[in-house]
Amino acid sequence: MVNEEKLNILVEEFRNGSEEALNTLCKMFLPVIQWHSEQIWHKIENQTEFECRCLLKIKKALANFDRRKGSFRSLVTNIIMREKYDFLARRKRKLSGVVSLDEHLTDHEGNQAYLEVVDVLADVETITLSNQGLMEKVALLAKGDPRRLAILKAWSEGETNDLQLAKELACSFPETSENGHRKFIQRFRIECQKRLANVI
């Protein structure tokens with residue numbers, strides 16, 4: 001982050017007509033503006049308009065800034081926060097076209113339309129049985145070994161880095177070294193591949 005003295009020099013350069021100083025100042029504070037913009041993206045219709053208004057207000061503040069009255073960084077932060085609250089108060093996203101599922105719907109010709117909503121919980125039994133079958137296969141591969149079970153769980157969650165997995169195993173099973181865990185993972189992978197190849 002740039003210190004206050006550097007900011008004050010850039011402000012003075014801008015007052016003397018330097019567009020380069022303005023660009024530098026905008027580049028410094030743009031990530032802060034964008035961060036605030038991302039915080040309210042779901043509440044406003046136009047993030048770009050919010051960001052542009054902040055930059056314009058900062059440019060206006062540059063012309064009136066007096067270093068004896070406080071720091072420029074605090075001034076900019078206050079400008080962004082004021083603009084954020086003002087923007088939220090005046091330009092909130094207006095939800096249009098929101099329809100209740102309890103109301104009768106009509107199409108553009110006035111005919112009654114029906115909205116079919118897919119019940120995502122309808123097939124819970126099939127998913128549960130599928131998961132149960134998967135857990136049985138995992139239990140067969142693990143053979144009651146908690147280390148094998150931990151490896152299979154990590155693999156099912158997408159962990160493919162043997163080094164990282166060996167570090168995690170070393171924390172859970174400290175009686176074996178990290179290197180020993182890594183070798184065990186490699187042997188277990190080969191064993192699983194052979195057993196699954198025989199099934200297919």
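The values are calculated or read from the model by the stated rules, or taken from the named source; none is laboratory data. This is a predicted model, so every value here is computed, not measured. A quick note on method: Cβ atoms are made from the backbone with ideal geometry, for glycine too, and the neighbour counts reach across all protein chains shown. Side chains included, ligands, DNA and RNA excluded: accessible areas come from the protein's heavy atoms. Shrake-Rupley method; radii C 1.70, N 1.55, O 1.52, S 1.80 Å.
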Task: Charged-residue dipole, Cβ positions (Lys, Arg, Asp, Glu), segment 97-200 about Cα centre, Debye nearest 20 - done: 1480
Task: Amide H partners (placed H, <5 Å) of I44, local residues excluded - done: R93
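So, with a 1.4 angstrom probe, what is the percent of accessible area on the chain that is carbon and sulfur? Kindly include the intermediate steps, with their values, before the conclusion.
Working: 7940 of 14580 Å².
The value for the chain is 54 percent carbon and sulfur by accessible area.
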Open item on the list: Using a 1.4 angstrom probe on the protein heavy atoms only, could you order T126, T24 from most to least accessible area?
Closed with: T126, T24
Open item on the list: Given an 8 Å cut-off on Cα distances and at least 6 residues of separation, report the relative contact order of the chain as a percent.
Closed with: 13
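Say a site is exposed when it is one of the GluC sites (Glu not before Pro), sits in a DSSP loop, and has at most 11 other Cβ atoms within 10 Å; what is then the longest site-free stretch of the chain? Walk me through the intermediate numbers first.
Numbers: sites that count: E45, E103, E109, E116, E157, E175.
It runs 46-102.
222 nm [θ] for the chain, helices only, -39500 (n - 2.57) per DSSP H run of 4+, per residue, to 500? It would help to have the intermediate numbers written out before the result.
Details: 8 runs with 133 residues, N = 200.
Rounded to the nearest 500, the figure is -22000 deg cm²/dmol.
Can you give the accessible area per residue of segment 10-97, in Å², using a 1.4 Å probe? Don't skip to the end; give the middle numbers.
Numbers: 5720 Å² over 88 residues.
That works out to 65 Å² for each residue.
How about segment 137-200: which trypsin sites (Lys or Arg not before Pro) there lie in a loop by DSSP and see at most 15 other Cβ atoms within 10 Å?
Loop-located and lightly packed - K143.
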- [ ] Give the range of the longest stretch in the chain that excludes all chymotrypsin sites (Phe, Trp or Tyr not before Pro) found in loop regions by DSSP and having at most 15 other beta-carbon atoms within 10 Å.
- [x] 115-200
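Could you work out the local net charge near L196, counting Lys and Arg as +1, Asp and Glu as -1, over the other residues with Cβ closer than 11 Å to its Cβ?
+3
If you place +1 on the Cβ of every Lys and Arg and -1 on the Cβ of every Asp and Glu, how big does the dipole about the Cα centre of the chain come out, in debye to the nearest 20? Can you show the working numbers first?
Values: 31 positive and 30 negative charges, 217 e Å.
It comes to approximately 1040 debye.
Against the empirical 2.2 N^0.38 Å scaling, what ratio does the C-alpha Rg of segment 1-86 come to? Walk me through the numbers before you get to the answer.
Numbers: Rg = 13.0 Å, N = 86, 2.2 N^0.38 = 12.0 Å.
Against the compact-globule rule of thumb, the ratio is 1.09.
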Task: 10 °C / 1.306 mPa s Stokes-Einstein diffusion coefficient of segment 34-84, Kirkwood radius on C-alpha pairs, µm²/s - done: 137
Task: Coordinate range along principal axes, alpha carbons of the chain, Å, largest first - done: 78, 66, 24
Open item on the list: With every atom except the alpha carbons ignored, what do you get for Rg and Dmax of segment 151-193, in angstroms?
Closed with: 9.7, 27
